[in-house]
Amino acid sequence: MKKIAILTSGGDAPGMNAAIRSAAKFAFYQGLEVFGVRRGYKGMVDNDIFKMTSSDVSGIIDRGGTVLLSARLPEFKDPEVRKIAADNLKAHKIQGLIVIGGDGSFRGADLLFKEHGIKVIGIPGTIDNDIIGTDFTIGYDTTLNIIIEAMVRLRDTATSHERTYLVEVMGRDAGDLALYASLAAGGDGFFIPEAKDSIQDIAGVIKERRAAGKLHDIILVSEGVGSAYEIGKELTKIVDTELRITVLGHIQRGGSPSAFDRVLATKMGAKAVKELMAGESGMMICSESNKITTKFIDYAWNGIVDNTQKRKDIELAHILTR
Ligand code: ADP
Ligand code: F6P
(Lines give C-alpha, C1' and ligand atoms only; values in the text may rest on other atoms or scores of the structure.)
(Ligands and ions follow the chains in the order given, each with its own letter.)
Protein backbone atom coordinates (compact mmCIF):
# COMPACT_ATOMS: atom_id res chain seq x y z
CA MET A 1 0.00 0.00 0.00
CA LYS A 2 1.71 3.17 -1.23
CA LYS A 3 -1.12 5.50 -2.20
CA ILE A 4 -4.38 6.07 -0.40
CA ALA A 5 -7.29 8.47 -0.83
CA ILE A 6 -9.73 10.04 1.61
CA LEU A 7 -13.25 11.31 0.97
CA THR A 8 -16.20 12.60 2.98
CA SER A 9 -19.70 11.73 1.81
CA GLY A 10 -23.33 12.35 2.80
CA GLY A 11 -24.26 14.97 5.41
CA ASP A 12 -21.20 16.69 6.87
CA ALA A 13 -20.50 16.32 10.58
CA PRO A 14 -18.28 18.27 12.99
CA GLY A 15 -15.10 16.27 13.50
CA MET A 16 -14.78 15.06 9.92
CA ASN A 17 -11.82 17.42 9.51
CA ALA A 18 -10.15 15.97 12.58
CA ALA A 19 -10.49 12.49 11.02
CA ILE A 20 -9.08 13.69 7.67
CA ARG A 21 -6.17 15.36 9.47
CA SER A 22 -5.34 12.34 11.58
CA ALA A 23 -5.57 9.88 8.67
CA ALA A 24 -3.43 12.10 6.43
CA LYS A 25 -0.79 12.88 9.07
CA PHE A 26 -0.56 9.27 10.19
CA ALA A 27 -0.23 8.15 6.55
CA PHE A 28 2.51 10.74 5.84
CA TYR A 29 4.35 9.47 8.90
CA GLN A 30 4.16 5.95 7.43
CA GLY A 31 5.58 7.21 4.10
CA LEU A 32 2.32 6.91 2.13
CA GLU A 33 1.10 9.27 -0.55
CA VAL A 34 -2.31 10.69 0.29
CA PHE A 35 -4.94 11.95 -2.13
CA GLY A 36 -8.04 13.95 -1.32
CA VAL A 37 -11.25 13.38 -3.26
CA ARG A 38 -13.52 16.44 -3.32
CA ARG A 39 -17.31 16.15 -2.90
CA GLY A 40 -17.40 12.44 -2.01
CA TYR A 41 -18.31 10.02 -4.78
CA LYS A 42 -19.13 12.94 -7.07
CA GLY A 43 -15.46 13.96 -7.08
CA MET A 44 -14.41 10.38 -7.72
CA VAL A 45 -16.58 10.28 -10.82
CA ASP A 46 -15.49 13.78 -11.93
CA ASN A 47 -11.83 12.91 -11.25
CA ASP A 48 -11.55 15.77 -8.75
CA ILE A 49 -8.70 14.03 -6.97
CA PHE A 50 -5.61 15.87 -5.70
CA LYS A 51 -2.41 14.99 -3.90
CA MET A 52 -2.54 16.19 -0.32
CA THR A 53 0.31 17.76 1.59
CA SER A 54 0.63 18.55 5.27
CA SER A 55 -0.53 22.12 4.59
CA ASP A 56 -3.93 20.76 3.45
CA VAL A 57 -4.56 19.43 6.94
CA SER A 58 -2.92 22.15 8.96
CA GLY A 59 -5.21 24.25 11.16
CA ILE A 60 -8.34 22.21 10.47
CA ILE A 61 -8.78 20.18 13.67
CA ASP A 62 -11.07 22.80 15.20
CA ARG A 63 -13.10 23.51 12.08
CA GLY A 64 -16.58 22.10 11.53
CA GLY A 65 -17.75 20.86 8.14
CA THR A 66 -15.28 19.14 5.85
CA VAL A 67 -12.39 20.67 3.92
CA LEU A 68 -12.81 17.91 1.32
CA LEU A 69 -16.42 19.05 0.75
CA SER A 70 -19.28 16.59 0.73
CA ALA A 71 -22.07 15.66 -1.63
CA ARG A 72 -24.77 13.12 -2.29
CA LEU A 73 -24.64 11.30 -5.61
CA PRO A 74 -27.67 8.98 -5.99
CA GLU A 75 -26.26 7.83 -9.38
CA PHE A 76 -23.52 5.99 -7.48
CA LYS A 77 -26.01 3.13 -7.12
CA ASP A 78 -25.46 2.53 -10.84
CA PRO A 79 -22.58 0.04 -11.48
CA GLU A 80 -21.54 1.94 -14.64
CA VAL A 81 -21.04 5.12 -12.59
CA ARG A 82 -19.05 3.21 -9.97
CA LYS A 83 -16.80 1.85 -12.73
CA ILE A 84 -15.95 5.38 -13.90
CA ALA A 85 -15.10 6.32 -10.32
CA ALA A 86 -12.98 3.19 -9.76
CA ASP A 87 -11.11 3.75 -13.03
CA ASN A 88 -10.25 7.29 -11.95
CA LEU A 89 -8.81 6.02 -8.67
CA LYS A 90 -6.84 3.35 -10.49
CA ALA A 91 -5.46 5.91 -12.97
CA HIS A 92 -3.91 7.65 -9.95
CA LYS A 93 -2.64 4.21 -8.78
CA ILE A 94 -4.63 4.61 -5.57
CA GLN A 95 -4.96 1.24 -3.83
CA GLY A 96 -6.80 2.17 -0.64
CA LEU A 97 -9.72 4.45 0.13
CA ILE A 98 -10.97 5.85 3.43
CA VAL A 99 -14.65 6.82 3.32
CA ILE A 100 -15.90 9.08 6.10
CA GLY A 101 -19.71 9.13 6.17
CA GLY A 102 -22.83 7.25 7.09
CA ASP A 103 -24.16 3.81 6.16
CA GLY A 104 -25.18 5.00 2.66
CA SER A 105 -21.60 6.03 1.99
CA PHE A 106 -20.41 2.69 3.39
CA ARG A 107 -22.65 0.82 0.94
CA GLY A 108 -20.96 2.63 -1.94
CA ALA A 109 -17.54 1.78 -0.49
CA ASP A 110 -18.44 -1.87 -0.06
CA LEU A 111 -19.46 -2.09 -3.73
CA LEU A 112 -16.21 -0.43 -4.86
CA PHE A 113 -14.31 -3.16 -3.04
CA LYS A 114 -16.47 -6.04 -4.24
CA GLU A 115 -16.67 -4.91 -7.87
CA HIS A 116 -13.28 -3.28 -8.41
CA GLY A 117 -10.99 -4.60 -5.68
CA ILE A 118 -10.28 -1.16 -4.22
CA LYS A 119 -9.43 -1.58 -0.55
CA VAL A 120 -11.88 0.43 1.51
CA ILE A 121 -12.21 1.35 5.17
CA GLY A 122 -15.23 3.26 6.52
CA ILE A 123 -15.12 5.81 9.33
CA PRO A 124 -18.56 6.56 10.83
CA GLY A 125 -19.23 10.28 10.45
CA THR A 126 -22.77 11.52 11.00
CA ILE A 127 -24.52 13.60 13.64
CA ASP A 128 -27.35 11.02 13.75
CA ASN A 129 -25.43 8.31 15.69
CA ASP A 130 -27.36 5.78 13.62
CA ILE A 131 -24.66 3.36 12.49
CA ILE A 132 -25.06 -0.17 13.80
CA GLY A 133 -21.90 -1.53 15.44
CA THR A 134 -20.39 1.64 16.87
CA ASP A 135 -21.39 3.29 20.14
CA PHE A 136 -20.67 6.73 18.70
CA THR A 137 -20.34 8.38 15.32
CA ILE A 138 -18.19 11.44 14.68
CA GLY A 139 -20.25 14.63 15.04
CA TYR A 140 -22.95 13.28 17.32
CA ASP A 141 -21.47 14.63 20.55
CA THR A 142 -20.97 18.12 19.13
CA THR A 143 -24.55 18.26 17.88
CA LEU A 144 -25.84 17.00 21.22
CA ASN A 145 -24.04 19.88 22.91
CA ILE A 146 -25.49 22.41 20.45
CA ILE A 147 -29.00 21.13 21.21
CA ILE A 148 -28.39 21.30 24.95
CA GLU A 149 -27.21 24.89 24.66
CA ALA A 150 -30.31 25.78 22.65
CA MET A 151 -32.53 24.15 25.31
CA VAL A 152 -30.94 26.19 28.06
CA ARG A 153 -31.56 29.40 26.11
CA LEU A 154 -35.13 28.43 25.33
CA ARG A 155 -35.83 27.57 28.93
CA ASP A 156 -35.17 31.17 30.04
CA THR A 157 -37.75 32.62 27.70
CA ALA A 158 -40.13 29.68 28.14
CA THR A 159 -40.18 30.25 31.91
CA SER A 160 -40.65 34.01 31.61
CA HIS A 161 -43.75 33.49 29.46
CA GLU A 162 -44.88 30.19 31.01
CA ARG A 163 -44.86 28.56 27.60
CA THR A 164 -44.50 25.11 26.11
CA TYR A 165 -41.74 24.77 23.53
CA LEU A 166 -41.49 21.98 20.99
CA VAL A 167 -37.90 21.74 19.80
CA GLU A 168 -37.45 19.76 16.59
CA VAL A 169 -34.03 18.15 16.22
CA MET A 170 -32.35 16.08 13.50
CA GLY A 171 -31.47 12.40 13.60
CA ARG A 172 -33.32 10.83 10.66
CA ASP A 173 -34.84 7.59 12.02
CA ALA A 174 -32.72 7.61 15.17
CA GLY A 175 -33.96 9.34 18.32
CA ASP A 176 -30.54 9.53 20.00
CA LEU A 177 -30.14 13.29 19.68
CA ALA A 178 -33.59 13.99 21.16
CA LEU A 179 -33.40 11.34 23.87
CA TYR A 180 -29.93 12.17 25.18
CA ALA A 181 -30.46 15.92 24.89
CA SER A 182 -33.52 15.40 27.07
CA LEU A 183 -31.45 13.42 29.59
CA ALA A 184 -28.55 15.87 29.52
CA ALA A 185 -30.54 19.10 29.78
CA GLY A 186 -33.54 17.99 31.81
CA GLY A 187 -36.08 17.97 29.03
CA ASP A 188 -39.76 17.78 29.93
CA GLY A 189 -40.78 15.19 27.35
CA PHE A 190 -39.74 13.76 24.00
CA PHE A 191 -41.11 12.26 20.83
CA ILE A 192 -38.68 9.76 19.29
CA PRO A 193 -39.15 6.92 16.78
CA GLU A 194 -37.99 4.30 19.32
CA ALA A 195 -40.62 5.15 21.97
CA LYS A 196 -44.35 5.07 21.62
CA ASP A 197 -45.31 8.20 23.56
CA SER A 198 -48.54 9.55 22.09
CA ILE A 199 -49.52 13.21 21.91
CA GLN A 200 -52.13 12.40 24.62
CA ASP A 201 -49.37 11.03 26.88
CA ILE A 202 -47.28 14.18 26.55
CA ALA A 203 -50.36 16.39 26.96
CA GLY A 204 -51.09 14.53 30.21
CA VAL A 205 -47.53 15.13 31.43
CA ILE A 206 -47.80 18.86 30.64
CA LYS A 207 -51.10 19.12 32.54
CA GLU A 208 -49.73 17.31 35.61
CA ARG A 209 -46.53 19.35 35.67
CA ARG A 210 -48.40 22.62 35.35
CA ALA A 211 -50.74 21.57 38.15
CA ALA A 212 -47.62 20.94 40.28
CA GLY A 213 -46.42 24.50 39.64
CA LYS A 214 -44.00 24.13 36.70
CA LEU A 215 -43.74 27.27 34.60
CA HIS A 216 -42.47 25.86 31.31
CA ASP A 217 -42.10 22.73 29.21
CA ILE A 218 -39.27 21.96 26.78
CA ILE A 219 -40.31 18.98 24.68
CA LEU A 220 -37.91 17.42 22.16
CA VAL A 221 -39.27 16.22 18.81
CA SER A 222 -37.03 13.92 16.80
CA GLU A 223 -37.54 14.62 13.09
CA GLY A 224 -38.11 10.88 12.56
CA VAL A 225 -41.55 11.08 14.18
CA GLY A 226 -42.73 13.94 11.96
CA SER A 227 -43.00 17.71 12.00
CA ALA A 228 -43.09 19.61 15.30
CA TYR A 229 -45.66 21.94 13.70
CA GLU A 230 -48.07 19.04 13.08
CA ILE A 231 -47.52 17.64 16.56
CA GLY A 232 -48.00 21.13 18.01
CA LYS A 233 -51.37 21.51 16.27
CA GLU A 234 -52.62 18.26 17.80
CA LEU A 235 -51.16 19.02 21.21
CA THR A 236 -52.89 22.38 21.57
CA LYS A 237 -56.23 20.70 20.80
CA ILE A 238 -55.80 18.66 23.99
CA VAL A 239 -53.93 20.93 26.38
CA ASP A 240 -54.43 24.63 26.98
CA THR A 241 -50.91 26.04 26.80
CA GLU A 242 -49.16 28.82 24.95
CA LEU A 243 -47.06 26.93 22.43
CA ARG A 244 -43.95 27.90 20.46
CA ILE A 245 -42.04 25.78 17.95
CA THR A 246 -38.29 25.91 17.34
CA VAL A 247 -36.79 23.88 14.50
CA LEU A 248 -33.04 23.87 15.12
CA GLY A 249 -32.22 22.77 11.55
CA HIS A 250 -28.70 22.94 10.17
CA ILE A 251 -27.44 25.05 13.07
CA GLN A 252 -27.08 21.63 14.69
CA ARG A 253 -24.51 20.52 12.14
CA GLY A 254 -22.11 23.46 12.20
CA GLY A 255 -19.41 24.79 14.47
CA SER A 256 -16.23 23.63 16.08
CA PRO A 257 -16.23 19.95 17.11
CA SER A 258 -16.31 19.01 20.80
CA ALA A 259 -13.22 17.54 22.46
CA PHE A 260 -14.94 14.13 22.44
CA ASP A 261 -15.51 14.25 18.68
CA ARG A 262 -11.98 15.46 17.99
CA VAL A 263 -10.43 12.64 19.99
CA LEU A 264 -12.78 10.03 18.52
CA ALA A 265 -12.09 11.25 14.97
CA THR A 266 -8.36 11.38 15.58
CA LYS A 267 -8.24 7.80 16.86
CA MET A 268 -10.48 6.54 14.06
CA GLY A 269 -8.50 8.32 11.31
CA ALA A 270 -5.22 6.73 12.35
CA LYS A 271 -6.85 3.32 12.84
CA ALA A 272 -8.25 3.41 9.30
CA VAL A 273 -4.75 3.92 7.87
CA LYS A 274 -3.39 1.11 10.06
CA GLU A 275 -6.06 -1.22 8.70
CA LEU A 276 -5.25 -0.37 5.08
CA MET A 277 -1.53 -0.87 5.74
CA ALA A 278 -2.31 -4.27 7.25
CA GLY A 279 -4.02 -5.20 3.97
CA GLU A 280 -7.53 -5.07 5.40
CA SER A 281 -10.54 -4.01 3.36
CA GLY A 282 -14.33 -3.92 3.59
CA MET A 283 -14.14 -2.91 7.26
CA MET A 284 -15.49 -0.06 9.30
CA ILE A 285 -13.90 1.52 12.34
CA CYS A 286 -16.02 1.37 15.48
CA SER A 287 -15.96 2.69 19.01
CA GLU A 288 -17.16 0.04 21.45
CA SER A 289 -17.01 0.48 25.22
CA ASN A 290 -14.27 3.12 24.76
CA LYS A 291 -12.15 0.86 22.53
CA ILE A 292 -11.47 1.46 18.85
CA THR A 293 -12.36 -1.75 17.01
CA THR A 294 -13.23 -2.92 13.49
CA LYS A 295 -16.22 -4.74 12.03
CA PHE A 296 -17.16 -5.83 8.53
CA ILE A 297 -18.52 -2.76 6.81
CA ASP A 298 -21.87 -4.39 6.04
CA TYR A 299 -22.49 -4.62 9.79
CA ALA A 300 -23.63 -1.00 9.38
CA TRP A 301 -26.81 -2.26 7.67
CA ASN A 302 -26.88 -6.04 8.32
CA GLY A 303 -25.72 -6.04 11.94
CA ILE A 304 -27.65 -6.82 15.07
CA VAL A 305 -29.23 -3.74 16.61
CA ASP A 306 -28.66 -3.85 20.34
CA ASN A 307 -31.04 -1.37 21.92
CA THR A 308 -30.84 -2.82 25.42
CA GLN A 309 -29.18 0.24 26.92
CA LYS A 310 -31.26 2.68 24.88
CA ARG A 311 -34.48 1.09 26.17
CA LYS A 312 -33.25 1.51 29.76
CA ASP A 313 -32.31 5.12 29.03
CA ILE A 314 -35.75 5.79 27.52
CA GLU A 315 -37.36 4.39 30.66
CA LEU A 316 -35.19 6.59 32.87
CA ALA A 317 -35.84 9.67 30.73
CA HIS A 318 -39.58 8.98 30.99
CA ILE A 319 -39.40 8.88 34.76
CA LEU A 320 -37.33 12.05 34.92
CA THR A 321 -39.72 14.03 32.73
CA ARG A 322 -42.62 13.26 35.07
P1 ADP B 1 -24.97 8.74 4.60
O2 ADP B 1 -23.66 8.23 4.10
O3 ADP B 1 -24.84 9.85 5.59
O4 ADP B 1 -25.90 7.62 5.06
P5 ADP B 1 -26.52 8.96 2.17
O6 ADP B 1 -27.43 7.83 2.49
O7 ADP B 1 -27.08 10.19 1.55
O8 ADP B 1 -25.71 9.49 3.40
O9 ADP B 1 -25.39 8.37 1.18
C10 ADP B 1 -24.32 9.17 0.73
C11 ADP B 1 -23.94 8.74 -0.65
O12 ADP B 1 -23.49 7.38 -0.65
C13 ADP B 1 -25.09 8.73 -1.67
O14 ADP B 1 -25.36 10.01 -2.19
C15 ADP B 1 -24.53 7.81 -2.72
O16 ADP B 1 -23.55 8.48 -3.50
C17 ADP B 1 -23.83 6.75 -1.87
N18 ADP B 1 -24.74 5.62 -1.62
C19 ADP B 1 -25.77 5.56 -0.77
N20 ADP B 1 -26.41 4.37 -0.84
C21 ADP B 1 -25.77 3.66 -1.79
C22 ADP B 1 -25.96 2.36 -2.37
N23 ADP B 1 -26.95 1.55 -1.95
N24 ADP B 1 -25.12 1.98 -3.33
C25 ADP B 1 -24.11 2.77 -3.76
N26 ADP B 1 -23.89 4.00 -3.26
C27 ADP B 1 -24.69 4.45 -2.31
O1 F6P C 1 -27.73 12.62 8.25
C2 F6P C 1 -27.47 13.89 8.77
C3 F6P C 1 -28.67 14.81 8.59
O4 F6P C 1 -28.33 16.07 9.16
C5 F6P C 1 -29.97 14.28 9.17
O6 F6P C 1 -30.05 14.43 10.56
C7 F6P C 1 -30.97 15.11 8.41
O8 F6P C 1 -32.21 14.45 8.31
C9 F6P C 1 -30.33 15.25 7.05
O10 F6P C 1 -28.95 14.99 7.22
C11 F6P C 1 -30.52 16.61 6.45
O12 F6P C 1 -29.99 16.55 5.18
P13 F6P C 1 -29.68 17.86 4.30
O14 F6P C 1 -28.41 18.44 4.81
O15 F6P C 1 -29.56 17.32 2.93
O16 F6P C 1 -30.83 18.81 4.47
message: What do you get for the angle between helix 259-277 and the principal long axis of the chain? Use alpha-carbon atoms, 0 to 90 degrees, nearest ten.
response: 30 degrees
task: Any aspartates and glutamates with Cα under 15 Å of the Lys214 Cα? List them, leaving off those in the same chain fewer than 8 positions away.
output: Asp156, Glu162, Asp188, Asp240, Glu242
- prompt: Under a plain spin-label model, where a point goes 7 Å from the Cα along Cα-to-Cβ, how far apart in nm are Gln200 and Lys114?
  reply: 4.6 nm
- prompt: Are any of the pairs Lys291/Lys312; Lys42/Lys310; Lys119/Lys312 more than 27 Å apart by Cα-Cα distance, and if so, which?
  reply: Lys42/Lys310; Lys119/Lys312
query: Using alpha-carbon positions, what is the distance between the centroids of segment 163-201 and segment 291-313, in Å?
result: 22 Å
statement: In degrees, nearest 10, the alpha-carbon axis of helix 16-29 is tilted away from the dominant principal axis of the alpha carbons of the chain by 30 degrees
- prompt: Using the beta-carbon distance between Asp46 and Ser256 and R0 = 35 Å, what value does 1/(1 + (r/R0)^6) give for FRET efficiency, to the nearest 0.05?
  reply: 0.70
- prompt: Once you have the alpha carbon radius of gyration of the chain, what is it after dividing by 2.2 N^0.38 Å, with N set to its residue count?
  reply: 1.09
- line: A correct Kirkwood calculation over the Cα atoms of segment 167-322 returns a hydrodynamic radius in Å of 18.0 Å
task: Would you mind checking the tilt of helix 79-91 against the longest principal axis of the Cα atoms of the chain, expressed as 0 to 90 degrees and rounded to 10?
output: 50 degrees
- prompt: Rounded if a/c is under 1.5, else prolate if a/b is larger than b/c, else oblate: which is segment 1-140, with a ≥ b ≥ c the root eigenvalues of its Cα gyration tensor?
  reply: oblate
query: Of Ser289, Ser222, Ser22, which has the largest mean-square fluctuation in a 10 Å C-alpha GNM of the chain?
result: Ser289
Furthest towards positive pole of dipole, Asn129, Ile94, Ala18, structure part segment 1-134, Cβ charges: Ile94
- line: In nanometres, the difference between 0.36 nm per residue of separation and the alpha-carbon distance of Glu242 and Asn307 is 19.9 nm
query: Under a 1.4 angstrom probe, counting protein chains only, how are Asp217, Asp313 ranked by accessible area, largest first?
result: Asp313, Asp217
- line: In deg cm²/dmol, rounded to the nearest 500, the helical mean residue ellipticity at 222 nm of the chain, built from -39500 (n - 2.57) for every DSSP H run of length 4 or more, is -13500 deg cm²/dmol
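The values are calculated or read from the model by the stated rules, or taken from the named source; none is laboratory data. Model, not experiment: these values are computed from the prediction. With ideal geometry, Cβ positions are generated from the backbone for all residues, glycine too; neighbour counts draw on all protein chains shown. All accessible areas refer to the heavy atoms of the entire protein, side chains included, with ligands and DNA or RNA removed. Shrake-Rupley method; radii C 1.70, N 1.55, O 1.52, S 1.80 Å.
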